Amino acid sequence: MSVTISRLYSDYETASAVVTELQAAGLPHAEMSLVSSNADNWYTAKKTATQGKIDRDADGVDDRVEGASAGAGIGAVLGGGAGLLAGLGLMAIPGLGPVVAAGWLVATAAGAVAVGAAGGIVGALTQAGVSQEDAEIYAESVRRGGTLVTVRVTDGDSARYEAIMDTSAVNIRNRGTAYRKTGWSRFDAAASLYSADQVRKEREHYTRMSVH
């Protein structure tokens with residue numbers, strides 16, 4: 001039997017290290033998904049500094065950006081043969097704004113958006129077996145700058161992979177409680193998107209909380 005495991009991380013760097021460990025432990029990249037906020041434009045800056053453009057049609061525009069503009073970037077986020085992180089692409093998900101994403105969960109969410117269906121990332125998570133409450137906290141956390149990693153594993157392997165994913169993961173029970181103390185009640189896809197400055201302040205706030 002297949003089970004779904006989701007974990008939240010404060011930033012992409014932490015999440016990507018976990019994904020690398022999962023792949024090294026034998027989890028196929030086709031069973032993994034990653035959704036990371038790009039509110040502070042880290043992805044574009046990183047690609048410019050390290051890899052440059054992928055421009056197979058020589059039109060001067062990064063093919064991954066084109067893919068994100070056409071069809072919600074479904075083709076760009078399925079994951080490449082070299083692993084999940086090699087398949088990362090830019091796309092937009094209602095309520096989350098610009099995200100860097102790859103994997104089966106993202107394809108489900110993007111497909112729903114493309115055909116005008118409701119649900120987005122929360123719907124994709126609940127469809128995969130995540131509780132509604134947890135799905136809304138995960139979505140809100142990505143909106144505020146976090147990174148979500150979701151995997152599908154066999155029941156017999158779940159404990160082994162959960163142990164890897166629990167490393168540096170955010171406690172979403174505590175995070176949900178903290179959100180509600182500020183008046184938040186549930187994820188709202190129509191809410192204003194977070195700016196780069198708001199994301200920075202959010203991360204600093206929870207970093208301070210974690211060291212006290």
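The values are calculated or read from the model by the stated rules, or taken from the named source; none is laboratory data. Everything numeric in this text was worked out from a predicted model, so none of it was measured. All Cβ positions, glycine included, derive from the backbone under ideal geometry; neighbour counts span all protein chains shown.
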I'm trying to understand the selection: among the residues of the stretch 186-212, which are assigned to a helix (DSSP H, G or I) and in contact with a strand residue (DSSP E or B) (Cβ under 9 Å, 6 or more places away or on another chain)? Val199
Considering every residue within the stretch 141-162, establish whether at least one is surrounded by fewer than 17 Cβ atoms within 10 Å (Cβ to Cβ), touching a residue at least 60 places away in the same chain (Cβ under 8 Å), in contact with a strand residue (DSSP E or B) (Cβ under 9 Å, 6 or more places away or on another chain) and of a type in the set (Lys, Arg). yes
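Could you please let me know if Arg152 is closer than 21 Å to Ala30 by Cα and among the charged types (D, E, K, R)?
yes
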Residue pairs qualifying under the 6 Å Cβ cut-off, at least six apart or on distinct chains, with the first in the stretch 196-210 being over 14 Å from Thr147 (Cα atoms) and the second being outside any helix (DSSP H, G or I) and not charged (D, E, K, R), are Ala196/Ala39
Filter pass, Thr177 being closer than 20 Å to Tyr9 by Cβ, surrounded by 11 or more Cβ atoms within 10 Å (Cβ to Cβ) and modelled with pLDDT of 95 or more: yes
